[in-house]
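Bear in mind that the values in this text are calculations on the coordinates, not laboratory data. Computed from a predicted model, the values in this text were never measured in an experiment. Note that we place each Cβ from the backbone using ideal geometry, even for glycine, and neighbour counts take in every protein chain shown.
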Amino acid sequence: MPSDTSGGGAGDTETVYYTADANPLVAACGNRPEWANLTCQVSPAAQPTTSGLPNLPVTTYAYDDYLNVVAKTETYGTTGTRVTTTGYDGDERQATQTITVTGTGMGTAVPETETLYNPDRRAGHLPRRRPRHRHHQLRQCRQSRPDD
């Protein structure tokens, strides 16, 4: 059951989307035509009012040119922030992820992790290093074969 049956309680969420023009709800979510209609911010409809309870996070998203989430920022009132930054490879698969934290009670930052993929897609996520621009290098190899 929701914390407030009419909506608007700490157990309810509010999602604000990016807009091409000014955003009437969250100024930072406006004037981003390249991200229009993508999720900008997710927050509780209200923060908990019980004394001693921490604030629930307000989460903001940023995207790259291919509309992949590259940054997820979770802000916990004035106590701290956790930022998850994600990088993608040339095939738009998650390649790196870093988590940074600021403030109190946010835990420890997580150093960059890297996901390596096997060039043979049938093999799945096997730990194997591969060049970032594999397609270009494969063409070079094919062009240099004497029997072509």
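Residue-by-condition table, conditions (1) of a type in the set (A, V, I, L, M, F, W, C); (2) in contact with a helix residue (DSSP H, G or I) (Cβ under 8 Å, 6 or more places away or on another chain); (3) surrounded by 11 or more Cβ atoms within 10 Å (Cβ to Cβ):
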position: Gly30; (1), (2), (3): no, no, yes
position: Ala36; (1), (2), (3): yes, no, yes
position: Cys40; (1), (2), (3): yes, yes, yes
position: Ala46; (1), (2), (3): yes, no, yes
position: Pro54; (1), (2), (3): no, no, yes
position: Val69; (1), (2), (3): yes, no, yes
position: Lys72; (1), (2), (3): no, no, yes
position: Met106; (1), (2), (3): yes, no, yes
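The set of residues in segment 70-101 being in contact with a Ser or Thr (Cβ under 6 Å, 6 or more places away or on another chain), under 19 Å from Ser43 (Cβ atoms) and of a type in the set (Val, Ile, Thr) consists of Thr73, Thr75, Thr79, Thr81, Val83. Is there a residue in segment 3-21 that is in contact (Cβ under 8 Å) with a residue 40 or more places away in the chain and over 30 Å from Thr115 (Cα atoms)? Yes, that holds for at least one residue.
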